[in-house]
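*Asks:* Have a look at the structure that comes next, please.
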Amino acid sequence: QVQLVESGGDLVQTGGSLRLSCAASGITFRLNTFGWYRQAPEKQREFVARISAYGSTDYVDDVKGRFTISRDNAKNTVYLQMNGLKPEDTAVYYCHAPRSNTWGQGTLVTVSS
């Protein structure tokens, strides 16, 4: 059974940084693509970033240059480094494994103005 467990969410001030982690189990980690999504209050869940098994990445436009997705195949963990945080980044952030369509439970990021 595939499981994804996110961590690292917190309350930060505008301009601050956070690193989210997504620990995966029950999956051949190195062969899989992983994504980060977020859902702000009263809004739909939206794509944030993706990293392929080969390490190629893509991002939604409004986080380009601020967020960096990475992976550590030895630790079965995907990261999302978030710099220059803005109040509009406030959301629950979810990790996703598309091949198995597995979602984590989410981690809350709150950016105060």
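The values are calculated or read from the model by the stated rules, or taken from the named source; none is laboratory data. Bear in mind that the values here come from a model prediction, so they are computed numbers and not experimental data. Reconstructed Cβ throughout: ideal geometry from the backbone, glycine too, with neighbour counts over all protein chains shown. Just the protein is used for accessible areas: all its heavy atoms, side chains included, with ligands, DNA and RNA removed. Shrake-Rupley method; radii C 1.70, N 1.55, O 1.52, S 1.80 Å.
*Asks:* Residue separation times 0.36 nm, minus the C-alpha to C-alpha distance between residue 39 and residue 57: what's the value?
*Replies:* Roughly 4.4 nm would be gained on extension.
*Asks:* So, one more: In nm, to one decimal, how far is the residue 112 label point from the residue 2 one, both placed 7 Å along Cα→Cβ?
*Replies:* 3.8 nm
*Asks:* Which value, in Å² rounded to 10, gives the accessible area of residue 89 with a 1.4 Å probe and all protein chains present?
*Replies:* 0 Å²
*Asks:* Then there is this: Starting from the Cα-Cα distance between residue 73 and residue 19, subtract it from 0.36 nm times their residue separation and give me the gain in nm to one decimal.
*Replies:* Extra length available between residue 73 and residue 19 comes to 17.7 nm.
*Asks:* Rounded to the nearest 0.05, what FRET efficiency do residue 28 and residue 88 have when you use their Cβ-Cβ distance and R0 = 25 Å?
*Replies:* 0.10
*Asks:* How much of the DSSP bridge set in the chain is antiparallel, in percent, rounded to the nearest 5?
*Replies:* 90 percent
*Asks:* Taking K and R as +1 and D and E as -1, what net charge do the other residues with C-beta under 13 Å from the C-beta of residue 96 add up to?
*Replies:* Surrounding charge for residue 96 is +2.
*Asks:* Let me ask something additional. What does the net charge come to around residue 31 if you take all other residues with beta carbon closer than 14 Å to its beta carbon, with K and R at +1 and D and E at -1?
*Replies:* Counting the neighbours of residue 31, the net charge comes to +3.
*Asks:* Chymotrypsin sites (Phe, Trp or Tyr not before Pro) within the stretch 53-113: which are DSSP loop residues with at most 16 other Cβ atoms inside 10 Å?
*Replies:* In loop regions of the stretch 53-113 (DSSP not H, G, I, E or B), the sparsely surrounded chymotrypsin sites (Phe, Trp or Tyr not before Pro) are 54.
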